[in-house]
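The structure appears below as structure tokens.
The values are calculated or read from the model by the stated rules, or taken from the named source; none is laboratory data. Computed from a prediction, not measured in an experiment: that's the story for all the values here. Here the Cβ positions follow ideal geometry from the backbone for every residue, glycine too, while neighbour counts run over all protein chains shown. The area values use the complete protein model at the heavy-atom level, side chains included, leaving out ligands, DNA and RNA. Shrake-Rupley method; radii C 1.70, N 1.55, O 1.52, S 1.80 Å.
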Amino acid sequence: MQTLMSRRALIAAAALPLFVRPGLLRAAEPDLSALRDITTGAVPIDAAERARRLSRAQGLMKANSIGAVLIEPGSSMVYFTGVRWGRSERLTAAILPVEGEPCIVTPFFEEPSVRETLSVPAEVRVWQEDRNPLAVVAGFLRDRKLANRPVGIEETARFFAFDGLQRVLPDARLVSANPVVRGCRMIKTPAEIALMQMATDVTMAAYRWLHPRVEAGMTGAEVGALMSAATSKLGGAPEFSMALIGEASAYPHGSKQVHRVADGQVVLMDCGCTVQGYQSDVSRSWVHGTATAEQRKVWDMVAKGQQVARGAARIGAPAGSIDDAVRRFYTAQGYGPDYRLPGLSHRTGHGIGMDGHEPVNLVRGEATPLAPGMCFSNEPGLYLPGKFGIRLEDCFHMTEAGPIWFSQPPRSIDAPIG
């Protein structure tokens with residue numbers, strides 16, 4: 001789970017000012033007016049599901065001899081408590097005990113605001129500006145008789161929280177909370193999968209609206225701005241709408257150079273949104289105008305690479321084995337080997353859920369076995385530096401019967417959206 005803005009998100013953010021450009025708005029408004037919000041039926045995560053999450057977490061704490069878990073603001077805090085809060089130098093934290101209700105520790109003057117999104121029964125303890133917030137955390141652990149048991153630290157928590165807790169509880173053993181937090185979040189419930197499906201439906205509807213409206217002369221930022229506008233009108237909250245054109249498509253997250261759509265140029269898009277906090281991530285590649293024989297060959301190879309990855313995704317298989325299967329296939333076709341170019345320079349896929357990138361990844365050496373409810377991207381792109389790149393990305397979730405797509409891969413370079 002990442003806390004820093006990715007290069008992809010930064011590129012997408014660069015497109016946002018284009019919404020205020022009159023030319024774009026005049027061109028887009030007539031078409032946008034025909035789009036409707038398709039997320040009105042979205043069912044938020046309810047209290048019963050959050051209670052099951054806490055119960056699951058406490059069971060995993062017992063199994064791993066962990067007395068409590070400390071979580072800073074971010075997707076894991078939302079997942080367990082509903083609290084939506086930003087990180088700052090003033091600590092707000094959730095403490096999940098192995099038994100009983102959680103505790104939220106927050107500045108005194110922030111308590112009313114924090115309570116606005118608190119969605120589970122929980123104690124709230126506050127600290128004043130002249131107090132040490134980690135001492136308040138330690139006080140809760142002592143009161144619950146957990147100060148002498150291992151305390152799990154969620155993996156994105158900042159060092160000052162870890163170090164501060166160690167200073168006020170010098171005899172405590174601070175350990176990774178991954179067995180608990182990952183153990184819960186990696187396995188999506190039907191309610192979570194339904195929200196991810198809706199987010200994907202929004203992204204695909206936006207692609208279908210956008211594709212025929214991409215014109216010669218547009219920059220990647222302009223294309224991305226239109227995609228974000230359509231996504232918003234369809235009810236999604238845009239996360240990223242990246243469009244890489246021509247040679248820029250040879251670099252997975254693009255370049256600083258401005259490229260414009262032109263005949264024979266690849267347009268590679270990587271787009272996603274959220275619905276009720278759950279994400280989509282879909283990439284599509286096509287050629288504006290007439291595709292060359294080489295572009296067709298590479299597009300077809302990537303489409304086959306996606307199917308190789310899907311075929312290797314079986315319950316119990318190590319996550320890394322999917323990446324291995326794709327690299328064997330590409331190497332046999334003359335790409336790579338390994339991460340070399342021309343070829344596949346990044347992992348085959350990543351976990352996805354409340355965050356666009358979540359553990360674990362479909363990457364060499366990842367031993368975590370696939371299990372029902374795990375969700376991944378499938379994006380074995382091929383990149384030819386100095387020429388172009390092709391990436392097709394569709395996410396899937398694991399079931400006992402095998403993987404199920406959130407979005408259907410496209411049929412051909414001539415029908416590139418699907």
Top-ranked residue of the stretch 194-222 - restricted to ones that are over 14 Å from residue 31 (Cβ atoms) and β-branched (Val, Ile, Thr), ranked as surrounded by the fewest Cβ atoms within 10 Å (Cβ to Cβ): 219
One residue from 407, 345 being in contact (Cβ under 8 Å) with a residue 12 or more places away in the chain and buried (at least 21 other Cβ atoms within 10 Å of the Cβ): 407
Sole exception among (1) aliphatic (A, V, I, L, M); (2) open to solvent by 20 Å² or more (accessible area, probe 1.4 Å); (3) without any contact (Cβ under 8 Å) to a residue 60 or more places away in the chain for residue 45, by number: (3)
Sole residue being surrounded by fewer than 17 Cβ atoms within 10 Å (Cβ to Cβ), touching a residue at least 24 places away in the same chain (Cβ under 8 Å), in contact with a helix residue (DSSP H, G or I) (Cβ under 6 Å, 6 or more places away or on another chain) and at positive phi, chosen from 373, 365: 365
Conditions (1) over 18 Å from residue 74 (Cβ atoms); (2) touching a residue at least 60 places away in the same chain (Cβ under 8 Å); (3) open to solvent by 30 Å² or more (accessible area, probe 1.4 Å): number failed by residue 150: (3)
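Among the residues of the stretch 309-322, write down those that are open to solvent by less than 10 Å² (accessible area, probe 1.4 Å) and more than 28 Å from residue 277 (Cα to Cα).
Those that are open to solvent by less than 10 Å² (accessible area, probe 1.4 Å) and more than 28 Å from residue 277 (Cα to Cα): none in the stretch 309-322.
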Where residue 295 falls short, out of the listed (1) crowded, with 23+ Cβ neighbours inside 10 Å; (2) in a helix (DSSP H, G or I); (3) not hydroxyl-bearing (Ser, Thr, Tyr): (1)
Count of the stretch 97-112 residues which are without any contact (Cβ under 8 Å) to a residue 40 or more places away in the chain and either open to solvent by 50 Å² or more (accessible area, probe 1.4 Å) or of a type in the set (A, V, I, L, M) (or both): 6
Pick from the stretch 254-285, criterion open to solvent by 10 Å² or more (accessible area, probe 1.4 Å) and not in a loop (DSSP other than H, G, I, E, B), ranking: nearest to residue 37 (Cα to Cα): 274
Of residues in the stretch 376-398 being open to solvent by less than 10 Å² (accessible area, probe 1.4 Å) and among the aliphatic types (A, V, I, L, M), the one farthest from residue 199 (Cα to Cα): 382
Meets criteria (open to solvent by 20 Å² or more (accessible area, probe 1.4 Å) and in a strand (DSSP E or B)) for residue 247: no
Residue that is open to solvent by 30 Å² or more (accessible area, probe 1.4 Å) and under 29 Å from residue 246 (Cβ atoms), where the choices are 415, 401, 332: 332
